[in-house]
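Chemist: Take a look at this one; I'll ask things after.
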Amino acid sequence: MTFRVVVHHLCLLLFTLLICGLLGATLVRYAPGFGAEERDLDARYSAESRTAFRLEREREERIVPFYVQHLFGLLHGEFGRSRIFDQPVRELLADRLPVTMRAVSLGLLTAWSASLLLALPGVSRRRAWCDMAPSVLAGTLLSVPAALLGLAFFLMEWPAWAALTLVVFPRIFRYVRNLLEQSAAAPAVLQARAAGLREGRILLLYVILPVLPELLAVAGVSAGQAFSAAIPLEALCGVAGVGSLAWQAALGRDLPLLINVTMMVALIVLAANAIAEIAVTAVHRRAA
Amino acid sequence: MKIVRTLAWVLLASIFGASAGAELLALADYSQQFRESPNRAPSAQFPLGTDDLGRDRFSRLLYGSRVSLFLAAAAAALATLIAAAVGATGGYLGGVWEKTAMSGTDLVLSLPWLFLLLAARAALPLNAPPLASMSITFFLLGLLGWAAGARVVRAATRAVKESEYVLQARASGCGPFRIIVAHVLPNLKPVLIAQFWLSIPTFILSEANLGLLGLGVSEPMPSLGTMLREMESVSRIASYPWIVAPALLLLLVVSCFQVVLRGEQRPL
């Protein structure tokens, strides 16, 4: 069963790569200004040279050969060259990806810890304020655009990963709270309390453990949310990660760079989802 | 809690009403420049002062909230329509159709959609006229934001599919398309309405993110997102504290939506 899930996710990753590649190549091909080059206006080139450039471009204008060429490049780790940075995209990604990965990991870790720490007292103590205070906080944070939080953190000179925590926290908290609330209402929890088990043990064995598969699934989804939030936060906080790279590429209309960044992030997110789903399957199998 | 919800409804209705009647309430056109009075403090003539170009900030806020709120609703309607088409078709037809529809949905759901939005937005001309940039921004939001709704619609369709009236329609010779349009979708109305309302605050926030990054609605057309760009430095906020008005309005609108939706979701 686990093997089937792994194969399914590998196929999905491959399919995504192909589809994203085709969409990316189509976007690049049909973007306004595609094929317009400075050298066409350069009087130093002869008429023959300009004809040669035109013929070369005409080959690129047919979408299928263009896509096949693009795909072969990807398979050989050749992501093209960034127009605005005049640098290979591979080098840019190698520089920027670790920065974003660090911020996303730190932000997710803090957001998950905060969500569990704030949701558990509300579930176990069943006091209105224990539930109300974090819910109001989460609701308020959900109403603030990520970019505005990024701007506030930039102005206060606070780290970008902390802003990322605040963006992801309310989304995780709502799911975690609802799952734990449902789990805590199960008759087994009441029975465990009646049997005199300690609260910590009840929370771990009877509240958290039964909803572990769902929590793992939410963990996979939260990776995508964190990467999406990274764009405005990095752009506004001046962090040199892939989020700000995507933003600069969008402003500079550097589509090859933007498409490759999007594909790379999509693959990371899909891989995170796949790992979460494989973990869910493993937990289900163990429980069965 | 009921009082808070009623208050949220009243506030939302007032804000929507005020932005709908922007022509009546605004003291000037959103693009009209008072060149002799740039960066003016709030006064009776300019309730929220003027910006760098001498445009009345209050009027721009009214017009901007109209752009953000009404077009977010239009984008939500488009997203709900696509979600209904994909979810109902997949859920009713089942088999390969369902698998294909749900694989596509899962794929869109698992991608970081702000990256997709940025890629799609950048592929279009950045020097597009304001009206076109505004339509493009919200059209893209609607086009990319349907996936979560499609899963809900598909689950609801599977429940409706087993009902007796669908069985009877099938027995009387109705084709799948007719059953979906005439029997399934009308019975999914509560689900579709809930999805529509849930999408609006998401799209308002997405437009604000794009606007703040300079990729949303283009000048001189105002929107809540583009108006947030004025808050770019601490010294500016300290000198002109009234420039935070769009941020406060945005916070108020989305908070009201959260309160209203939280209340409405329970009975559903």
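Chemist: Grab the beta carbon distance between residue B:14 and residue B:128, set R0 = 51 Å, and tell me the FRET efficiency rounded to 0.05. Mind showing how you got there, number by number?
Modeler: Details: r = 33 Å, r/R0 = 0.64.
The pair residue B:14/residue B:128 has a calculated efficiency of 0.95.
Chemist: Tabulate in residue order the Karplus-calculated ³J(HN,Hα) for the stretch A:199-215, using 6.51 cos²θ - 1.76 cosθ + 1.60 with θ = phi - 60°, rounded to whole Hz; enter x for Gly and Pro.
Modeler: 4, x, 5, 4, 4, 5, 7, 10, 10, 7, 4, x, 9, 4, x, 5, 5
Chemist: Can you check what the Kirkwood hydrodynamic radius comes to for the stretch B:191-265, Cα pairs only, in Å to one decimal?
Modeler: Roughly 13.5 Å, rounded to one decimal.
Chemist: Please report, to two decimal places, log10 I(q)/I(0) for chain A at q = 0.11 Å⁻¹ as given by the Debye formula with identical point scatterers on the Cα atoms and no solvent.
Modeler: With no solvent term, the Cα-only Debye profile gives -0.79.
Chemist: Lys and Arg at +1, Asp and Glu at -1: add these up for the other residues within a Cβ distance under 12 Å of residue B:188 and post the number.
Modeler: Counting the neighbours of residue B:188, the net charge comes to +4.
Chemist: As a test of the definition: which semi-axes, in Å, follow for the stretch A:181-254 when you take the square root of five times each eigenvalue of its alpha carbon gyration tensor? Largest first, please. Spell out each step's value before the answer.
Modeler: On the way: eigenvalues 418, 24, 12 Å².
Semi-axes from the Cα gyration tensor: 46, 11, 8 Å.
Chemist: Would you order A:110, A:100, B:100 from fewest to most other beta-carbon atoms within 10 Å of each residue's own beta-carbon?
Modeler: B:100, A:110, A:100
Chemist: While we're looking at this one, here's another question. Viscosity 1.002 mPa s, temperature 20 °C: Stokes-Einstein D of the protein assembly as shown from its Kirkwood Cα radius, in µm² per second?
Modeler: D = 83 µm²/s.
Chemist: Got a sec? How would A:198, B:60, B:170, B:66 order by Cβ neighbour count within 10 Å, fewest to most?
Modeler: A:198, B:170, B:66, B:60
Chemist: Here's a follow-up. Name the long-range amide H neighbours of residue A:81: under 5 Å, sequence gap of 5 or more, or other chain; modelled H, no Pro or chain starts.
Modeler: Under 5 Å from the amide H of residue A:81: A:89.
Chemist: Now, a different point. Need one number for the stretch B:1-118: average projected area of the convex hull over its C-alpha atoms, nm².
Modeler: Details: hull surface 47.6 nm².
For the Cα atoms of the stretch B:1-118, the hull's average projected area reads 11.9 nm².
Chemist: Once both labels are modelled 7 Å past Cα along the beta-carbon direction, what's the residue B:97-residue B:242 spacing in nm?
Modeler: With each label point 7 Å from Cα toward Cβ, the separation is 5.8 nm.
Chemist: Then there is this: By the scheme Lys and Arg +1, Asp and Glu -1, what is the net charge of all other residues having a beta-carbon under 15 Å from that of residue A:104? Please list the in-between numbers first.
Modeler: Details: positive: A:96, A:102, A:171; negative: A:234.
Residues close to residue A:104 contribute a combined charge of +2.
Chemist: Could you tell me how many degrees, from 0 to 90 and to the nearest 10, lie between the Cα long axis of helix B:57-93 and the main elongation axis, the longest principal axis, of the Cα atoms of chain B?
Modeler: 10
Chemist: If you don't mind, another one. May I ask you to order A:76-89, A:152-165 by the average number of other C-beta atoms within 10 Å around their residues, highest value first?
Modeler: Highest to lowest by the protection proxy: A:152-165, A:76-89.
Chemist: Mind pulling the angle between the C-alpha long axis of helix B:147-161 and the longest principal axis of chain B? Nearest 10 degrees, somewhere in 0 to 90.
Modeler: It works out to around 30 degrees.
Chemist: Taking the 0 to 90 degree range and rounding to the nearest ten, how far is the long axis of helix B:95-110 tilted relative to the main principal axis of chain B, both from C-alpha atoms?
Modeler: It is inclined by approximately 20 degrees.
Chemist: Sticking with this one: Expressed in nm to one decimal, what extension gain is obtained for the pair residue A:195 and residue A:284 from 0.36 nm per residue of sequence separation less their Cα-Cα distance?
Modeler: Extending this stretch completely gives an extra 29.3 nm.
Chemist: Please give me, ordered by residue number, the chymotrypsin sites (Phe, Trp or Tyr not before Pro) of the stretch B:176-211 that lie in loop per DSSP and have at most 15 other Cβ atoms within 10 Å.
Modeler: none
Chemist: Treat each spin label as a single point 7 Å out from the Cα along the C-beta direction, and report the residue B:168 to residue A:8 distance in nm.
Modeler: 3.8
Chemist: Report the relative contact order of chain A, percent, no decimals, based on alpha-carbon pairs under 8 angstrom and at least 6 residues apart.
Modeler: Once divided by the residue count of chain A, the mean separation gives 25 percent.
Chemist: For the stretch A:171-188, just list the computed ³J(HN,Hα) in residue order, Karplus coefficients 6.51, -1.76 and 1.60, θ = phi - 60°, integers in Hz, with x standing in for Gly and Pro.
Modeler: 5, 6, 4, 4, 5, 4, 4, 5, 5, 5, 4, 4, 5, 5, 8, 5, x, 4
Chemist: Report, in deg cm²/dmol and to the nearest 500, the calculated mean residue ellipticity at 222 nm for the protein assembly as shown, where each DSSP H run with n ≥ 4 adds -39500 (n - 2.57) and the sum is divided by the residue count.
Modeler: Calculated at 222 nm, the ellipticity per residue is -24500 deg cm²/dmol.
Chemist: Taking square-rooted eigenvalues a ≥ b ≥ c of the alpha carbon gyration tensor, is chain B rounded, prolate or oblate, where a/c under 1.5 means rounded and, failing that, a/b exceeding b/c means prolate?
Modeler: Prolate, since a/c reaches 1.5 and a/b exceeds b/c.
Chemist: Kindly write out, for the stretch B:18-34 in residue order, the coupling ³J(HN,Hα) from the Karplus curve 6.51 cos²θ - 1.76 cosθ + 1.60 (θ = phi - 60°), rounded to whole Hz, with x marking Gly and Pro.
Modeler: Using θ = phi - 60°, the values come out as 5, 6, 5, x, 4, 4, 7, 8, 5, 8, 8, 6, 5, 9, 6, 9, 9 Hz.
Chemist: Same structure, new question: Which of the lysines could a cross-linker span from residue B:99 if the Cα-Cα distance has to be under 27 Å and same-chain partners fewer than 8 positions apart are dropped?
Modeler: Result set, ordered by chain and number: B:161, B:189.
Chemist: Quick check: residue separation of residue A:133 and residue A:53 times 0.36 nm, minus the Cα distance between them. What number comes out in nm?
Modeler: 22.3 nm
Read-outs throughout are calculated quantities, based only on the coordinates presented, and are distinct from any laboratory measurement. Please read all numbers here as calculations on a predicted model, not as lab measurements. We place every Cβ from the backbone using ideal geometry, glycine too, and count neighbours over all the protein chains shown.
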